[in-house]
1. If you count, for each residue, the other Cβ atoms within 10 Å and average over each peptide, how do 341-347, 324-330, 376-382 line up from highest to lowest?
2. Cβ neighbours within 10 Å, averaged per peptide: list 364-374, 385-395 in order, most packed at the top.
3. Kindly rank 228-239, 93-104 from highest to lowest mean number of other beta carbons found within 10 Å of each residue.
4. Once you have a ≥ b ≥ c as the square roots of the Cα gyration tensor eigenvalues for region 43-140, tell me rounded if a/c is under 1.5, and otherwise prolate or oblate according to whether a/b is larger than b/c.
5. Once R0 is set to 56 Å, what does the formula 1/(1 + (r/R0)^6) return for the Cβ-Cβ distance between Leu7 and Arg216, expressed as a FRET efficiency to the nearest 0.05?
6. Please turn the phi angles of region 115-122 into ³J(HN,Hα) values with the Karplus equation 6.51 cos²θ - 1.76 cosθ + 1.60 (θ = phi - 60°), one per residue in order, whole Hz, x for glycine and proline.
7. In deg cm²/dmol, rounded to 500, what helix-only [θ] at 222 nm does the chain give when every DSSP H run of at least 4 residues adds -39500 (n - 2.57) and the total is split over its residues?
8. In the Gaussian network model of the chain, springs joining C-alpha atoms below 10 Å, which of Ser128, Ser31, Ser143 carries the largest mean-square fluctuation?
Amino acid sequence: FYIIVALAGILVAYISVTNPYHGFLLLTAISFFTVLPARLLRAQLPIATGMEILVVLLLLGVLFKPKGGFGKDFFLSPVSIGLWVYLLFIIVEAFNPLMQSIAGWLFYFRRLLMFIAIYFISFRVLDSLDKVKRFFRVWFFLSLAAALYSCVQQWFGLAGFEMEYLLSNPHEYKLYYQGGSFRKFSFLSDPITFGMLCGSSAVFVMVLLINEKKSRKRLIYFLCFFLFLIGMAFSGTRTANVMLPAAMVLYALLTITNKTTLLAVLVFSLAVAFILFGPIQNNTINRIRSTLDRKEASANVRDVNRKYIQPYIHTHPLGGGVSTSGVMGEKYNPGHELAGFPPDSGFLLAAIELGWVGFAFTMVVYFMMLYQCVRYYFRTRTREHKLLIAALTVSV
């Protein structure tokens, strides 16, 4: 087993350095299956470390790539500037006196560097429209496979090794089993990740579906869109439920003069109304409806938690420090005021750990991304480019 893994590792390393584009596609594919070996073998494997090594090799591959370069426009683009400012702020957070341990900061900082490295890599390897299309085909195929496998989990039950994994983790079992059924996670790490993946993929396909003129392709897009919606519903992720209407609103704003858009908004509104108020009762539909139910128990708990922690956010402009809340806080900063406090979203996590200053920086980075997407949507004149940018914008 170890010999096979070593040989595969050498082959992947060689591809990454000599052909970064194919290495990047390989990295994307591997990222879908990082937790599957651990579930199958019931052992912790250093896959995350292997992924980081692969990212470093890809970065070396693009840095030594003979043609092209990053250039001033890349470093001074809105997204790049946002990332540099955010990175600088995280470095400042290393000196936050409220942190009891630097180990949690190092863990987060290393992960942030990996994301920025991927930002560099993707800019260099996705340097033509054909390569961009091929990348999205890979993403699309893998996402579709994940959605299909969630249907297998829903209709035929979880596999034996998946049930064993959940039974060996009481905390995760409690999070996954809700409302009389298991939230589905496919072959990804957890239901939230899977739900967000299906949500963003559904949004992407939705834009292609609205603008497709060929009936055969439209049927294929509709079937894929439907499968992503089913996967999203089976995941029981409430955040994913909000993604679709939010994306539809943004797409309508981008293309408000298009008659097809107005028709799509009408159909979408009727579909949402039917799901929320229609005469259907089952665990999946009820979970979706609970997204907007203010009397729902878990939503009330989150509201109480937010209200409770707001004074802390107001009085700590730099927050409690990186990796000081939730499970990470208990691991790296036991005894900290935030340790064990459950942040229910990335936004609240940023607000309590990085303070309202760090939260503002986080929002600026997201704003820069959307600003750049919208700006180039209106600047480009090619219909194909415009369609792709619109799909990407609403996905983000």
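None of the figures in this text is laboratory data; all of them are computed from the coordinates on show. Keep in mind that this is a model prediction, so the values were computed, not measured. Positions of Cβ are backbone-derived with ideal geometry, glycine not excepted, and every protein chain shown enters the neighbour counts.
1. So the order, starting with the most tightly packed, is 324-330, 341-347, 376-382.
2. Going by the mean number of other Cβ atoms within 10 Å, highest first, we get 385-395, 364-374.
3. Descending mean neighbour count gives 228-239, 93-104.
4. oblate
5. In this case the efficiency is close to 0.85.
6. Taking θ as phi minus 60°, the curve returns 5, 5, 4, 5, 4, 4, 4, 5 Hz for region 115-122.
7. Taken over the chain, the calculation gives -25000 deg cm²/dmol.
8. Highest fluctuation among the options: Ser128.
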